[in-house]
Amino acid sequence: MALFNGVHYALSSSIQVEQHKKLSSLLDLHGAMSAPPHTHIIVLAGSHIQSKYEGSLYVVSDMWVQRSVVPGQLQPERYYSPDPTMIFSGVIACATDLSQWDLEVLAAGITSLGGQWRTALTRDVTHLFALHEQSDKTSPGGFYAGTPRLAYCAEYFTGGRDGNVLITKGLGYDEELIICGVFEISRNNFFFTPDGDFNPANVFHGRLADLKLSCQLTAGCSKAFDFSSKDFPAVVNNLSAFKNLVQKQRYYETVSVIQDAIGRGRSIKLTHYLFEANDEAQGGTSDKDDNGSTAVTHPDSLSSEFDIGTWPVADRCKGHLQDVASKHNICPLPAYDQNHVLIPPLQYEAKLKGALVEVHMAFYHHCVKNSRRDIFEAILRELIVLSPPAPMPSSHFKCQCLSDGPYTEQRKK
């Protein structure tokens, strides 16, 4: 399908002749039409004519055309306003090496004045804010998961408490490598629920204290984040390359994060450890700065719905939860909704299952000698909902009254 399929445009007379020809050529080449009824008015940035067409059609700056053509992705019109007060219109920004307070102020200012903000250096970023040119980090959110040959930037730190963690190579100090990307959470094999469907009667589920929540990440289907679908094969290749950084031992089975998704090709298994042993369980020697598999959330900073004593599990798990409560901390999903509010456990399924999300994750390797297995895990560090789950398909047959006879015959009347 053509990039500008369905776009009927009109160019403002204020655009100079050469620029007018260039824009017309680009639009026509990519499937747009200049014939009415018009859907888009294209004007120069800084024009004051937007209110004249408010609500009737899109009024966008000329930058919208170029920014759509270059990546081959139709950009959201609302971010390309010609309004001169929207000084960051067309800007997609992120930052590195700034304090959290500075990041929040910068992000709020840019988004309120027409721009977009990314927490990582994704492919569509146009502006990177940094303290100096030789910044150590790609961004505070980590490396974009689709970056070519990302494995060249990584190596394993071996012997950690929770396995061998992937770290950034060449920094001069050891720091967990974080990768990020935009994905859709599959509706299949969704275990990001408060109890992860744990069943104590199933011997294969082990102990509740060792419970790992998980879900499957697939390629996104959003036009606004079309790059996520195009880059998904590159993401899979990078994760496979991380696996290859470990020398494979003879007769060892490899358990990969790359899995087959029903109807969607490949998927990425994302994992989150729900519990972490507290100081009492570890004899008062817990090292909070160790590269643990899950970041502990301090319960005092959250409401009671995030407390281990009120954590909503199925009846079959309540006795087991009481058993682990004294020696473990609960680790809620670091998952935020579109307003950047932490999602309560009772809303995990409603807000995450099928949602388009921005994910930040770490990568771990475990060598299990007893069972001769190399196990790789993508561990959730942070998740932000970009677009809520699409509604499930409806059916008129579900609304029929059986006593009224066949629904198809009723429709004919």
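Structure above, values below:
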read-out: Under the span-like rule (Cα at least 15 Å along the axis, Kyte-Doolittle mean at least 0.0), DSSP H helices of the chain; value: 100-112, 232-244
read-out: Pairwise centroid distance, computed over Cα atoms, of segment 165-179 with segment 327-388, Å; value: 20 Å
read-out: The chain: calculated mean residue ellipticity at 222 nm from DSSP helix runs of at least 4, using -39500 (n - 2.57); value: -5000 deg cm²/dmol
read-out: Whole-number accessible area per residue in Å² for the chain, which is evaluated in the context of all protein chains at 1.4 Å; value: 54 Å²
read-out: Candidate residues GLU358, GLU409: accessible-area rank, largest first, probe 1.4 Å; value: GLU409, GLU358
read-out: Net +/- balance of residues flanking LEU23 in space, Cβ distance below 13 Å, scoring K and R +1, D and E -1; value: 0
read-out: Entries of LYS269/LYS351; LYS212/LYS243; LYS248/LYS269; LYS21/LYS223 with Cα pairs more than 24 Å apart; value: LYS21/LYS223
read-out: Percent of alpha-carbon pairs separated by more than 38 Å within the chain; value: 33 percent
read-out: Trypsin sites (Lys or Arg not before Pro) lying in DSSP loop within segment 337-397, provided at most 13 other Cβ fall within 10 Å; value: LYS369, ARG372
read-out: Solvent accessible area, Å² - THR111, 1.4 Å probe, full protein context; value: 70 Å²
read-out: Accessible-area composition of the chain, carbon plus sulfur, in percent [1.4 Å probe]; value: 52 percent
read-out: Segment 313-371 shape via C-alpha gyration tensor axes, a/c threshold 1.5; value: oblate
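The values are calculated or read from the model by the stated rules, or taken from the named source; none is laboratory data. All of these numbers come straight from a predicted model, not from anything done at the bench. Positions of Cβ are generated from backbone atoms using ideal geometry, with glycine treated the same way; all protein chains shown enter the neighbour counts. Remember, those area values only see protein heavy atoms, side chains included, never the ligands or the DNA or RNA. Shrake-Rupley method; radii C 1.70, N 1.55, O 1.52, S 1.80 Å.
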